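The structure under discussion appears below in the form of structure tokens.
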Amino acid sequence: MKQQEKKENCKENERLFESSPFPFSKWKRWGPYVSERSWGTVREDYSPNGDAWNYFPHDHARSRAYRWGEDGIAGFCDRYQLLVLAHSFWNGKDPILKERMFGLTHDEGNHGEDVKEYYYYLDGTPTHSYAKFLYKYPQKEYPYVDLIEKNKERSLLESEYELIDTGIFENNEYFDIFIEYAKADTEDICIKIEIHNRADKDASLDVIPQIWFRNKWTWTKLTKKPILKSGNSLGYMQIVADDNDALLMPNLPFPYKLGTWYLYAQEGGELLFTDNETNNERIFSTPSVSKYTKDAFHRHIIQKENSVNPEKTGTKACIHYKDVLVSAKDKKVIYLRLTNTENTNPFQDIETVFTDRKKETDEFYETIYPPLADVEDKKILRQSLAGMLLSKQIYLFDVKKWLSGDDPDLPPPESRKKIRNQKWGHLNSMRVLSIPDKWEYPWFAAWDLAFHCIPLAMIDISMAKDQLWYLLFEQFQHPNGQIPAYEWEFSDLNPPIHAYAVLKVYQMEKETRGVEDLDFLERCFHKLLINFAWWVNRVDKGDNNIFEGGFLGLDNITVVERSSSIPGGATLEQSDATGWMGMYCLNLMRIALELARKDKAYEWLATKFFQHFAYIGTAMKHMGGREQQLWDEKDGFFYDILSYPNGKSEKFRVRSLVGLIPIFAAEVISEKELAEFPNFRSNFFWFLENRKEMSDDSITPLERNGEKNFLLTVVNKNQLTRLLSKIGDEDEFKSDFGLRSLSKFHEKHPFVFGDSKIGYEPGISYSRIKGGNSNWRGPIWFPTTFMMIEALKLIGNFYGDTLHIPTSKGNISLLEIAREFAEKMIRIFKTDPSGKRPVFGDNEKFQTDPNFKDYLLFYEYFNGDTGEGLGASHQTGWTGLVATLIKDWKK
């Protein structure tokens, strides 16, 4: 059966593309939109000093109501998070209920914040008709104190002290808790909790599914609240959720309520009720608003307090299954069902629903797998995409209200308005967004999200396009044109890759579905024009087409803090910022040409961006005849320049991604294509003839097989060849697992500037810049290696066999090295001949235990020498690009 035929016969694709009324697809109304950490976030920080981690610590989370969003284990909620369902457990030994994932704060971890749990996103569909999670819960007391104290003792030069290092998983004394969701219909959600005892002896635990209404009444002093109450039951337990009398949500241009919903649970448990209200006595030493508070179940079950509402009503409820005994090496299953219709026999057909949805999920992914993918490729692709789908989060944040406070009688301290985000009062989000990591980074980040959309477009093109549009929409993009970077500082700078992602997603839909969504492309293009103008006016201070972008997402890659002002009024003129801007010009040129197919006026904009690209390329190489140049002919590399007000400057001779990013600025246009655009063609050839000092270095004509093409690059052929020689060198950038972010040359030749030094660090970071858990001084990162592969593929298709680069394997073509890098990145997750996966490093249990070794984690970055996963363990976002590599290179 052909791929297109399979797609047409696929039930999940029918759901994806069925017409849905505004404002959202019915099949997507419920999903895994619940964060795994809301404590310690900027949104919940109302402190006078901006210390978000300590203002709302983990210890407060069980007792303190959230303002902007909920968290939980394997949570599910409606599109605007009025009602939430999540899971909690107690092994009879822990000091607190396991209601949320635990991790270390920025100050507690020797490499910054870090989750200290083992959980996995195993499977799922784009409409969340099916979803599967796994949480590993120890049977011994969870070592909260030990993890904090041991990590605090360790230095930056030491590895992190992980949960598995505590010995808590010895003798397999833990539960594997699989949590599955299957929708019988859009408003009918079946839940399966399957608990496996991996130990050799019987063990019991309390299973405590919880359901609650998000507290939106305290902050606005609303008097009409939703309600949960015990319902009528016959052979099962029932909780009724009703928000019919509650006031409507503000900020929505349409009325939104849930009405009456029913949570059905199997018999054997006890229904408990309380209110989703802060325990003020515990947190603030003041009287609580309600007698029954958020932490009532914890106090009732563990501390044996009389803390739950005997009237069996409130805004938070649970089913307490006490002492669920699971025999050694055996399992127990508990079913729930959440629906908006009453059901006299809710569990009769529930296994059939799961069977059907699993089958449909298999059928869906069969339409995605490329023909040459082996069993492991398919597993990696599917689990990486599942991680991205289950990492969606409802991102609720009204910055103006956050800055000024909800209650005029209790305004936040004035100092808060000067700490961060004071210029972003217009930002108001009530959208489901693709999040880098729902524990480590439970907020959107601009360049992360752009990369997310590329693999997401493989399985849900509508979502990918929506995500890209959201950041360009008026409630996100600043009136001055800037795209918000990330929650900790929206005014920071991420690389300008939004245009690249918009174009890539457009092209993917055109290629796979035959759909040319010019409306999407045009909407985005107009907003990108405003953003481009902001970049040019904001970061090209010298008006010389050399850019001082700042942070640009690369954290500690250089010797100075790129987000901060440099003492003495000096300016850091950046190769990567300038390279990104050259790429931005080419992306906008290509979008303008695509739009010119229906409106010839866009040809003139294509000309503008083509010429601006040429100016940038020339500036990178000549810089107005200045003594110091970004390009260093002796080393054959691009370096940053530190320029002082007195005209002096010095070069940062650091061989890093900063000097390779100019390669990303590449585009190919054929003579045949130019004929479609007569105005652009005329301007193009005029420029070639009359601006040879620019065009000779930036535009390369080549005739092959009777067809003439033009390669547009910031780097000329000499520069490209010399840079590629370093990319193909194992002693420089080429690793067995991808592209190093810093050349291995610096292992023996560190760069020194003042009191700072940069040396090759393949794994852990030796500095605490930007949180302390990121390292760009050697490790491999998926987004940048992916961009290099894309550039090599484009340039390689242009040159064919006419350009080769030297490697240890001899001279190879650009397409061959692009394929080699793609295979190296995929290999990080595959078993090697010894049966081990590089991603797991020397963690023996992860490598060999049958209940660990096949559950993958998609880390933030990877050791440049070993491929071991590092940083945020669930950064499923841009590391999800592995799915795109499999799709592209296993055809």
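Determine, from the Cβ-Cβ distance of K757 and T344 and an R0 of 51 Å, the FRET efficiency 1/(1 + (r/R0)^6), rounded to the nearest 0.05.
The value I calculate is 0.10.
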(request) With runs of 4+ DSSP H residues as the only contributors, calculate the mean residue ellipticity of the chain at 222 nm using -39,500 (n - 2.57) per run, divided by the residue total and rounded to the nearest 500. (result) -9000 deg cm²/dmol
(request) Mind pulling the angle between the C-alpha long axis of helix 678-690 and the longest principal axis of the chain? Nearest 10 degrees, somewhere in 0 to 90. (result) 50 degrees
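With charges only on Cβ, +1 for K and R and -1 for D and E, what is the dipole size of the chain about its Cα centre, in debye, rounded to 20? Intermediate results must be reported in sequence, preceding the final value.
Details: 114 positive and 132 negative charges, 233 e Å.
Using only the charged Cβ atoms, the result is roughly 1120 debye.
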(request) Choose one of P779, A182, M581: the residue whose Cα lies farthest towards the positive end of the charge dipole of the chain (beta-carbon charges +1 Lys, Arg; -1 Asp, Glu; about the Cα centre). (result) M581
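What is the gain in length, in nm to one decimal, between E693 and N851 on full extension, counting 0.36 nm per residue of separation less the C-alpha to C-alpha distance? Working shown, then result.
Values: separation 158, 0.36 × 158 = 56.88 nm, distance 6.27 nm.
Result: 50.6 nm gained on full extension.
With every protein chain present, what is the per residue accessible area of the chain (1.4 Å probe, Å²)?
Result: 36 Å² per residue.
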(message) I want to check the label-to-label distance for E153 and D801. Put each point 7 Å from Cα in the C-beta direction and report it in nm to one decimal.
(response) 6.3 nm
(request) Roll a 1.4 angstrom probe over the protein heavy atoms and tell me the percent of accessible area of the chain that is carbon or sulfur. (result) 48 percent
(request) Could you grab the relative contact order for the range 568-680? Cα pairs under 8 Å, six or more apart, rounded to a whole percent. (result) 37 percent
(message) Explain nothing, just the number: dipole magnitude of the range 403-514 about its Cα centre with +1 on each Lys and Arg Cβ and -1 on each Asp and Glu Cβ, in debye rounded to the nearest 20.
(response) 320 debye
(request) Determine which lysines satisfy two conditions relative to K726: a Cα distance under 20 Å, and not lying fewer than 8 residues away in the same chain. (result) K621, K634, K651, K717, K734, K744, K748, K793, K809, K824
(message) Among G706, F664, A199, whose Cα projects farthest towards the positive end of the dipole of the chain, with charges put on the beta-carbon of Lys, Arg (+1) and Asp, Glu (-1)?
(response) G706
(request) Round to the nearest 10 and give me the degree value, 0 to 90, for the angle of helix 498-513's Cα axis relative to the longest principal axis of the chain. (result) 80 degrees
(request) May I ask you to list the lysines whose Cα is less than 24 Å away from that of K417, ignoring any residue fewer than eight positions away on the same chain? (result) K216, K221, K400, K401, K770
(request) Of the listed pairs K150/K201; K201/K438; K116/K830; K192/K890; K26/K192; K11/K225, which have alpha-carbon separations greater than 27 Å here? (result) K150/K201; K201/K438; K192/K890; K11/K225
(message) Rounding to the nearest 10 and keeping the result within 0 to 90°, find how far the Cα-based axis of helix 350-366 lies from the longest principal axis of the chain.
(response) 10 degrees
(request) Can you find, among N683, Q477, I96, the residue farthest towards the positive end of the dipole of the chain? Put +1 on the C-beta of Lys and Arg, -1 on that of Asp and Glu. (result) N683
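So between K748 and S415, what do we pick up on full extension, going 0.36 nm a residue minus the alpha carbon distance?
My answer for the length gained is 115.2 nm.
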(message) Could you tell me the calculated FRET efficiency between E376 and D59, based on Cβ-Cβ distance and R0 = 45 angstrom, to the nearest 0.05?
(response) 0.60
(request) Treat every Asp and Glu Cβ in the range 714-773 as -1 and every Lys and Arg Cβ as +1, leave all other atoms uncharged, and give the resulting dipole magnitude about the Cα centre to the nearest 20 debye. (result) 220 debye
(message) If each residue of separation counts as 0.36 nm, what is the full-extension length gain between N280 and D407 once their alpha-carbon separation is subtracted?
(response) 44.0 nm
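The values are calculated or read from the model by the stated rules, or taken from the named source; none is laboratory data. Just so we're clear, the structure is a prediction, and the values are computed from it rather than from any experiment. Virtual Cβ from ideal backbone geometry, glycine too; neighbours counted across all protein chains shown. For accessibility, only protein heavy atoms count, side chains too; no ligands or nucleic acids. Shrake-Rupley method; radii C 1.70, N 1.55, O 1.52, S 1.80 Å.
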